[in-house]
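*Asks:* First the structure, which I've put down as structure tokens, then a few questions once you've had a look.
The values are calculated or read from the model by the stated rules, or taken from the named source; none is laboratory data. Just so you know, these numbers come straight off a predicted model, no measurement behind them. Note: ideal-geometry Cβ built from the backbone for every residue, glycine included; neighbour counts use all protein chains shown. What goes into the accessible areas is simple: the full protein's heavy atoms, side chains included, and nothing from ligands, DNA or RNA. Shrake-Rupley method; radii C 1.70, N 1.55, O 1.52, S 1.80 Å.
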Amino acid sequence: MVLLDLVGFGIIIPILPFVAPKLGASEFDIALIIASYSLFAGVVGPWWGRLSDRFGRKPILMICTSGSALAYAALAFADHLLTIYLARILAGIVAGNFAVASAIMTDITAPTERAKGMGLIGAAFGMGLVLGPVMGGLLSTPDGGFTLPCLMASIMSVLAVLCAWVFLPESNRSHSGERNAHQKTRDSLPALLRAHRSRLLLLQFVLHTSCVSAATYLFPLWVSALLGWGAREVGIIYGIQGAIMALTQGLFLSFLVQFFGEVRLLRICVSLFFAGFFIAVFATDAVTMVGSALVSLSGATLCMPVLNSLLSQRAPPDQTGRFMGAASSAAAWGRVLGPVLAGLLLSGFGFAPTWAVFTGFVGVYVGWAFSPAPTRSRAG
């Protein structure tokens with residue numbers, strides 16, 4: 001189910017920077033459109049996780065995915081810039097899929113297997129980024145028609161809902177609706193995060209996704225301006241990156257965690273993340289531009305399952321959805337910050353200084369990873 005839904009998500013990635021300009025969008029409009037999705041996802045993320053703790057994972061996952069199908073269909077028939085904004089806002093409101101899927105994986109895996117489980121979700125995400133962008137690029141017409149790929153994204157989400165309905169068992173056996181509502185909401189989320197030493201950890205989700213989303217926003221514009229590339233070429237590159245993501249998370253993550261340990265692996269991967277951004281500051285040709293993207297995003301792709309694993313191990317069992325929803329929300333706020341800041345910097349200073357600022361952001365992430373903070377266990 002996750003794979004089907006993320007194929008639909010992946011279809012949209014390479015075409016969104018090109019569909020909006022047809023309706024009069026500027027480069028900064030594109031950044032705002034990307035950010036609008038994440039803004040609303042950040043607001044409602046903890047709410048979806050909390051609902052999954054209370055009413056079960058399966059119904060919440062189906063509701064979110066159904067909303068995604070509607071949002072993609074609206075995008076397919078958008079004939080005004082406002083419609084694109086509204087479609088992406090709707091998609092953001094129902095963007096609880098990843099948080100609930102992560103909570104399901106927490107329900108069904110032991111702590112020692114948690115990173116591997118989160119890696120399987122990441123592998124599905126990677127396969128979505130293999131198939132989705134390639135489909136989005138190939139289904140788009142040479143004259144800039146994007147109706148068909150958006151409709152295909154909607155169909156993939158509908159198929160995901162049907163698969164969940166038929167095949168997905170409920171993993172949260174502890175939910176009991178209204179009877180536990182008071183107990184589960186007694187402590188505020190900030191208080192819970194403080195008690196379980198997770199506030200700095202949650203901040204890394206913001207830093208991580210702000211830099212990844214900035215790169216996702218910048219790369220199509222960057223290669224378009226310097227190399228003359230379009231949606232097809234960008235889709236192929238994202239497809240290659242998705243293949244790397246799927247292979248590393250699906251096949252190698254378990255071995256890497258066992259060999260290095262979670263924290264050491266995180267430090268290696270965030271260092272690769274930094275190196276790729278540093279290369280981008282000076283890149284001017286296709287080889288170094290594409291190489292910087294592949295190095296940085298290959299490092300980033302292995303950071304996220306480790307971060308999710310570390311957070312899930314600090315979450316109380318009856319608050320897993322709430323914690324993973326908070327992580328999803330923090331990641332969404334990073335996806336707001338990244339494109340908006342990148343758009344402002346790009347319009348004022350150009351590509352190299354923009355990459356340099358986000359290299360500094362990744363540097364802060366590196367500093368946290370090499371500090372004692374990732375190894376701290378939650379309070380007892």
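*Asks:* Answer rounded, prolate or oblate for region 27-76, using the Cα gyration tensor with square roots of eigenvalues a ≥ b ≥ c: rounded when a/c is under 1.5, else prolate when a/b is larger than b/c, else oblate.
*Replies:* Details: a/c = 5.58, a/b = 1.69, b/c = 3.29.
Because a/c hits 1.5 or more and a/b fails to exceed b/c, region 27-76 counts as oblate.
*Asks:* Shifting gears a bit: What ranking do 342-353, 304-315, 57-68, 245-256 get when scored by the average of other Cβ atoms within 10 Å per residue, highest first? Each step should come with its number before you reach the end.
*Replies:* Numbers: 342-353: 16.4, 304-315: 24.2, 57-68: 22.1, 245-256: 18.7.
Going from most to least packed, we get 304-315, 57-68, 245-256, 342-353.
*Asks:* Related question: Among 73-84, 323-334, 104-115, what's the highest-first ranking by average C-beta atoms within 10 angstrom per residue?
*Replies:* Working: 73-84: 16.2, 323-334: 26.8, 104-115: 18.3.
Averaged packing, sorted descending, gives the order 323-334, 104-115, 73-84.
*Asks:* What order do you get for 269-281, 225-237 when each peptide is scored by the mean count of other beta carbon atoms within 10 Å, highest first?
*Replies:* On the way: 269-281: 21.6, 225-237: 18.1.
Peptide ranking by packing, descending: 269-281, 225-237.
*Asks:* Accessible area, 1.4 Å probe, largest first: how do ASP318, ASP53, ASP29 sort?
*Replies:* On the way: ASP318 60, ASP53 5, ASP29 35 Å².
So, going from the largest accessible area down, we get ASP318, ASP29, ASP53.
*Asks:* Stretched out fully, how many nm does the piece from LEU251 to SER347 gain, at 0.36 nm a residue minus the Cα gap?
*Replies:* 30.5 nm
*Asks:* Let me ask you something else. Using protein chains only and a probe of 1.4 angstrom, how many square angstrom of MET152 are accessible, to the nearest 10?
*Replies:* Approximately 50 Å² for this residue.
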